[in-house]
Amino acid sequence: MTTNNRKTVIEFSGVGESYQSGEFAIRGVSFTVEEGDFLFICGESGAGKSTMIKLMTGEIKPTEGRVTINGYNVNKLKPGKVPHLRRTLGVVFQDFRLIKKKTAEENVAFAMRVLGAGPVQIRRRVSYVMELVGLKDKMCSYPTELSGGEQQRVAIARALVNNPSLIIADEPTGNLDPQRSYEIIELLSKINQLGSTVVVITHDYELLRRFAKRVIYMNQGSLVMDKVLRPGGEEAQ
Amino acid sequence: MSRMNRFLYSLADGLKGILRNLMMSLMSFSMLIGSLLVVGSLSLLVVNIDAIIQDLGDQNEIMVYVHEEYDDSEFNQISQAIMEAEHVVGFTFVSRETALEEMKNDLEEYASILEGMEQDNPLRDGFRIQVDDPANVEAVVTAMEGVDGIGNVEARTDVVESFLKTRNAVNLISIGLMVLLAGISTFIIMNTIKMSAYTRREEIAIMRMVGATKGTIRLSFVTEAMIICLCGSIVSFFAIMFLYQELIEKAFSSTGLLQAVPFQEVWGGVLLIFVGASLVIGVLGSLLSINKYLKV
Ligand SMILES: Nc1ncnc2c1ncn2[C@@H]1O[C@H](COP(=O)(O)OP(=O)(O)OP(=O)(O)O)[C@@H](O)[C@H]1O
Ligand SMILES: [Mg+2]
């Protein structure tokens, strides 16, 4: 589609994944994502979207084909190197996965802390990302004191805090109402404009129409469509 | 820098983990102290029995007496047999005159009884034999009894033997208990850390997600176990020091006969064993229990 010199961030080529059962969750999936791209992955439940995320984070290895993420060949990634891959990623989930006993600030700081960052550096960076997600005034709130949308913003701040080049969100709006969903995608879109590559899984066709980005459509484990939408929901070319 | 941060963070997390899991932590802590005290007391008992056996050092001497009448060649044969016997580290000839002198010195109060014995010395010539270890006295005695020309063999093996028997029994018991208690302590530490890992399973999942290495994740749990174990070993050390000085040393000296090995002579070993054993237990227990939470 485009021919330029941007780095390839995600490369799936002929990827199949069969778990233990022998039945393929996805098969023959090929696509690439370049630095600075924004990509939606959509499809019915069980289509294999989360399986694609697990392949990207090195949680599972492809049964067939080849997966390369940020230059890491997932097929050949040794268990000891998986953490290295993950440090280049920021992952966001539908259920937020915040630690309930920690405040918003502590939740975000935790991601830096476990990688050994110093307190001063942590304070500076956490304050910056909390500002970015618009929660500067909720730093000291516990997850139970935050709305779903706010919790997801904290999760996004945590995904961003170690400055990864690729943000992956698995149905980040699944638990949110339409307005909150819109705001979350808008935030991810803003983060994309600041330079990060962003991949978002969603069920929500309304969001696809409103944001008009590149969409990969999965159906029963196969990639059946990969195109850029025009505002209003029509396909570009 | 980052290494230092990680260490300090794991220290803080370890302390937090202990507080969050206070009941289990206290249980591990007391179990460890109990085990160390039992094993420590038994070891100190062994040390003291050994010291007593050492004090009875001349007990690894044997006196052998030759027949009243003997010639030079018989004498040479006997010396040869002693020299060649196993476990013999030295021997000296003791003439009947010397033996009588020694006896007089030993029994000063009864000197009068021994008066006039020079004329009719009832003692015989003999050899004083040094054996390498009290445990081998018995064997040497048997060997000497078989030598031609030797009439009588004397050794106070009974005393030494009973001490040795006691020591070996205590040793056996303490080794058995050590294994048992180390097993129980490790098991309890394992459960404590398992519990802690379970309460923190979400944290662990997030750590893995953001790319913390298994080593980093392990470190915080190993640190938690080590804090418990180090504290336990230090408390045990001071407890056993107090008990030993107040009870054992005083009990020994009240007999007027025996002196307990002073604590100053053994404290280094005790501390080393306590700290070493508890660290092994802590590291082992935590590593064994955390693995299941570390799957990629
Ligand atoms: N750990 C697993 N072991 C075996 N089969 C699995 C496993 N995870 C997923 N699957 C199967 O793989 C297929 C794809 O699952 P996946 O979770 O990728 O779907 P999805 O598109 O994310 O669905 P949803 O929209 O409901 O989240 C499903 O048929 C599912 O049953
Ligand atoms: Mg899914």
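Where a number appears in this text, it was derived from the coordinates with a stated rule and is not lab data. Given the structure is predicted, the values throughout are model-derived calculations rather than measurements. Neighbour counts run over all protein chains shown; Cβ positions are idealised from the backbone, glycine included.
Please rank B:THR92, A:THR51, fewest neighbouring Cβ atoms within 10 Å first, as an exposure proxy. Could the numbers behind the result be given before it?
Numbers: B:THR92 11, A:THR51 23.
Result, fewest neighbours first: B:THR92, A:THR51.
Give, in nm to one decimal, the length gained when the segment between A:GLU183 and A:ASN163 is fully stretched (0.36 nm per residue of separation minus the Cα-Cα distance). Walk me through the numbers before you get to the answer.
On the way: separation 20, 0.36 × 20 = 7.20 nm, distance 2.13 nm.
Full extension of this stretch gives 5.1 nm more.
In the structure displayed, which of A:LYS7/B:LYS295; A:LYS78/A:LYS102; A:LYS61/B:LYS214 lie more than 29 Å apart, Cα to Cα? Provide the component values of the computation, followed by the final result.
Numbers: A:LYS7/B:LYS295 31 Å; A:LYS78/A:LYS102 32 Å; A:LYS61/B:LYS214 19 Å.
Cα-Cα > 29 Å for A:LYS7/B:LYS295; A:LYS78/A:LYS102; rest within.
Need one number: % antiparallel among DSSP beta bridges in chain A, to the nearest 5. Intermediate values should be presented prior to the final figure.
Details: 20 of 40 bridges.
In chain A, approximately 50 percent of DSSP beta bridges are antiparallel ones.
Let me see the pair-distance distribution of segment B:61-155: every alpha carbon pair, 5 Å bin width, integer percents in order.
Result, from short to long distances: 2, 13, 23, 22, 16, 12, 8, 3, 0 percent.
When the helices in chain A are scored as -39500 (n - 2.57) per DSSP H run of 4 or longer and the sum is shared across all residues, what 222 nm value do you end up with, to the nearest 500 deg cm²/dmol?
Values: 7 runs with 73 residues, N = 237.
Roughly -9000 deg cm²/dmol at 222 nm, from the helical runs in chain A.
Calculated FRET efficiency, A:LYS61 and B:ARG3, Cβ-Cβ r, R0 30 Å, to nearest 0.05? Kindly include the intermediate steps, with their values, before the conclusion.
On the way: r = 31 Å, r/R0 = 1.02.
About 0.45, to the nearest 0.05.
Mean separation of Cα pairs under 8 Å and 6+ residues apart, divided by the residue count of chain A: what relative contact order is that in percent?
Working: 456 pairs, mean separation 60.6, N = 237.
Computed over chain A, the figure is 26 percent.
Based only on other Cβ atoms within 10 Å, what is the fewest-to-most ordering of A:ARG153, B:ARG20, A:ARG124?
A:ARG124, B:ARG20, A:ARG153
For the protein assembly as shown, what value does the Rg/Rh ratio take when both radii are computed over Cα atoms and Rh is the Kirkwood radius, given to two decimals? Numbers along the way, then the final one.
On the way: Rg = 39.9 Å, Rh = 30.0 Å.
Reported Rg/Rh (Cα atoms, Kirkwood Rh): 1.33.
Roughly speaking, what % of Cα-Cα pairs in segment B:171-251 are separated by over 14 Å, rounded to a whole number?
On the way: 2429 of 3240 pairs.
Summing the P(r) tail past 14 Å for segment B:171-251 gives 75 percent.
Enumerate the calculated ³J(HN,Hα) couplings along segment B:280-287 in order (Karplus 6.51 cos²θ - 1.76 cosθ + 1.60, θ = phi - 60°), each rounded to whole Hz, writing x wherever the residue is Gly or Pro.
Per-residue couplings from phi come out as 4, 4, x, 5, 4, x, 6, 5 Hz.
Between helix A:104-113 and chain A, what is the angle of the helix's C-alpha long axis to the longest principal axis, kept within 0 to 90° and rounded to the nearest 10?
70
What FRET efficiency, computed as 1/(1 + (r/R0)^6) with R0 = 41 Å and r the Cβ-Cβ distance, is obtained for B:ILE234 and A:CYS140, rounded to the nearest 0.05? Provide the component values of the computation, followed by the final result.
On the way: r = 38 Å, r/R0 = 0.92.
That pair, B:ILE234 with A:CYS140, gives E of 0.65.
Return B:THR142, B:THR98 ranked ascending by Cβ neighbour count within 10 Å, so the fewest neighbours appear first.
Taking fewest neighbouring Cβ atoms as first place, the list is B:THR142, B:THR98.
Calculate the translational D of segment B:197-296 in whole µm² s⁻¹ from Stokes-Einstein, where the hydrodynamic radius comes from the Kirkwood formula applied to all Cα pairs, the temperature is 37 °C and the viscosity 0.692 mPa s.
Working: Rh = 16.2 Å.
Reported coefficient: 202 µm²/s.
Obtain the nm distance between the two label points defined at A:HIS84 and B:MET83 by a simple spin-label model: each point lies 7 Å from its Cα along the Cα-to-C-beta direction.
7.3
Each residue of segment B:82-95 in turn: what ³J(HN,Hα) in whole Hz from Karplus with 6.51, -1.76, 1.60 and θ = phi - 60°, glycine and Pro shown as x?
Rounded to whole hertz, the list is 5, 4, 8, 5, 5, 6, 8, 10, x, 7, 9, 7, 10, 6.
Return a whole-number percent for the relative contact order of chain B, with Cα pairs under 8 Å and 6 or more residues apart as the contact set. Intermediate values should be presented prior to the final figure.
Values: 335 pairs, mean separation 87.8, N = 296.
This gives 30 percent for chain B.
Indicate the gyration tensor shape class of segment A:1-87 (rounded, prolate or oblate), computed on the Cα atoms with a ≥ b ≥ c the square roots of the eigenvalues: a/c under 1.5 is rounded; otherwise a/b larger than b/c is prolate and the rest oblate.
On the way: a/c = 1.84, a/b = 1.20, b/c = 1.53.
Verdict is oblate for segment A:1-87.
Taking the 0 to 90 degree range and rounding to the nearest ten, how far is the long axis of helix A:119-132 tilted relative to the main principal axis of chain A, both from C-alpha atoms?
The angle comes out at about 70 degrees.
Apply the Karplus curve 6.51 cos²θ - 1.76 cosθ + 1.60, θ = phi - 60°, to the phi angles in segment A:137-142 and return the couplings in whole Hz, x for Gly and Pro.
Coupling constants for segment A:137-142: 8, 10, 3, 9, 7, 8 Hz.
Using modelled backbone amide H atoms (1.01 Å from N, in-plane), which distant-in-sequence or interchain residues come within less than 5 Å of A:ILE167's amide H?
Answer set, sorted by chain and number: A:GLY90, A:THR197, A:VAL198, A:VAL199.
Between helix B:214-243 and chain B, what is the angle of the helix's C-alpha long axis to the longest principal axis, kept within 0 to 90° and rounded to the nearest 10?
For helix B:214-243, the angle is close to 40 degrees.
Note the full-extension length gain between B:LEU177 and B:LEU26 as 0.36 nm times their separation in residues minus their Cα-Cα distance, in nm to one decimal. Before the final figure, lay out the partial values.
Numbers: separation 151, 0.36 × 151 = 54.36 nm, distance 2.17 nm.
Going from the current span to full extension adds 52.2 nm.
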